[in-house]
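First up is the structure itself, then whatever we jot down about it.
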Amino acid sequence: MNLIRIILFSTFFSFVQGQLIEIDSNEAEDFFVIEGDTILQSKIELKEVIVFQPLKFFSFEEAKSYVILRNRIYKVYPYAKLASDRLNVLNERLDQITSERKRRLYLKRIESFIYDEFEQELKKLSRSQGRILIKLVHRQTGNTTHQLVKELRNGWRAFIYQTTASLFKLSLKDTYTPEEIYEDYLIEDILQRAFSEERLESQDTALDYDLDALYKYWKENRPKLRSKKPL
């Protein structure tokens, strides 16, 4: 039993668009063709642009920490997204299996497949990257890694995994709470910027929080946090 197997297990788990047609430049109106119909339109819809708050750092070390955190997120987010995708497929499949014995067999096969597919790559993750991955699994699935193990395997296995993780100063019960933890807010900020720039493939969070409220809250409380505890 080791850290890699813990992380590995956690990971298995519009409207019709108009086509603009060319018209004479002297025409006063713009036209769109939607499924063969010409519709008079006085406005042209532009691609949504997201405006982020400018990043402010109080020191070089703080800026450096942000860049390091961003690189770690770029590394582990795809695994968290994959965990959510696999979990959805897994639950759909398990709903079709009525035999408890067959369910256990299926889960063991999935676990073995994940080990074979990702073990070598995930062995390269650092403890810090593993900690962020545990948080992002919660962001993407709505369940902590501990909950996933307990629900998909059993409480005893979850206890063993949690005990082993603690040896690496990790907790499978860690949650993603950007409304309470400043680092989690920075993770969300990095994710949203990466989605906007298409550096990472966007996937909606399974959790419920308001981004605008987060930005406003941390804009007001970041100075207070800094005065209490530097990054």
List the pairs from Lys75/Lys135; Lys56/Lys135; Lys75/Lys108; Lys81/Lys216 whose alpha-carbon separation is above 18 Å, in the order I gave them. Lys56/Lys135; Lys75/Lys108; Lys81/Lys216
Lys135 neighbourhood, Cβ < 15 Å, K/R = +1, D/E = -1, net charge +2
Centre separation in Å (Cα based) which lies between the stretch 47-108 and the stretch 174-222: 13
Quick one: net charge around Ser166, please, counting Lys, Arg +1 and Asp, Glu -1 for every other residue with C-beta under 13 Å from its C-beta. +3
Inter-probe distance in nm under a simple model that places probes 7 Å from Cα toward Cβ, at Ser166 and Asn221: 2.8
Can you give the FRET efficiency for Ser112 and Lys173, using 1/(1 + (r/R0)^6), R0 = 30 Å, r = Cβ-Cβ distance, to the nearest 0.05? 0.75
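FYI, it's all coordinate maths here, none of it is from the lab. These figures come from a predicted structure and were not determined experimentally. Counting neighbours? That spans all protein chains shown, and the Cβs are built from the backbone with ideal geometry, glycine included.
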